[in-house]
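Enquirer: I'd like to ask some things about the structure below.
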Amino acid sequence: MPKITQARALARREEIVDACAQLYEVKPFKEITLGEIGANTSFTRTSIYNYFRTKEEIFLALLEREYAAWAADLDALDAPDAASFPAAFAALLERRRRMLKLLSMNLYDMEAGSSLEALVQFKRAYLSSMQAMERCLRRHFPRCTAEDAQQFIYAFYPFLFGVWPYTEATQKQRKAMEIAGMPHRSFSVGEIAGALVEKLVRPFL
């Protein structure tokens, strides 16, 4: 049997993650099985175990990829002035809806069901996104110090865990709020994020 090259192995790994992402668009996390992910690749389902041990590891790799894309977006962001930064920043986050959904809905299960090795690899991508965030802030706001950037990060990153539920209330949740007499207002990711970022960057102006 010919040996699979590193490039081929990486391509297969990406194909598995792509299959997972496609299924996640139409099915909830709990209903997606490892076999179903494997069945949506071009190679045998049993081969999936050569790359991932569990379904959770595949999802964690998907989230890792989302954070890498988020970091790249932050490094590429070039808002024309400080006043336009919050809206430009929020528009980037609007593109990372899958990242927000995974964070809010499935992070605990993904981390619990993954090996330490897979978890370390994910945490590196998470850290890289924080570093990109600091570079982005300091590039756009000359008065922003390293300490200021850290304070922004530790206010903004926990906030990310709650964005998805506020923008994607289900019909059942809306009905419950109606019965409870709780007002419901629809927000986009950009609206929620932009409002917070505008407040957080005021000290840097």
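Enquirer: Around Trp164, under 11 Å between beta carbons, what's the net of Lys plus Arg minus Asp minus Glu among the other residues?
Expert: Result for the neighbourhood of Trp164: +3.
Enquirer: For Thr33 and Ala146, calculate 0.36 nm times their separation in residues minus their Cα-Cα distance, and state this gained length in nm to one decimal.
Expert: Numbers: separation 113, 0.36 × 113 = 40.68 nm, distance 4.31 nm.
Difference between extended and current length: 36.4 nm.
Enquirer: Mind checking the angle between helix 85-94 and the chain's longest principal axis? C-alpha axes, 0 to 90 degrees, to the nearest 10.
Expert: Helix 85-94 sits at roughly 20 degrees to that axis.
Enquirer: Quick one: net charge around Ala79, please, counting Lys, Arg +1 and Asp, Glu -1 for every other residue with C-beta under 14 Å from its C-beta.
Expert: The answer is -2.
Enquirer: If you don't mind, another one. Taking the chain as the reference, fit the longest principal axis to its C-alpha atoms, fit the long axis of helix 146-167 to the helix C-alpha atoms, and give the angle between the two in degrees, 0 to 90, nearest 10.
Expert: The angle comes out at about 70 degrees.
Laboratory data are not the source of any read-out in this text; all were calculated from the coordinates shown. On a predicted model such as this, the values are computed, not experimentally measured, just so you know. For neighbour counting, all protein chains shown are included, and Cβ atoms are generated from backbone atoms with ideal geometry for every residue, glycine included.
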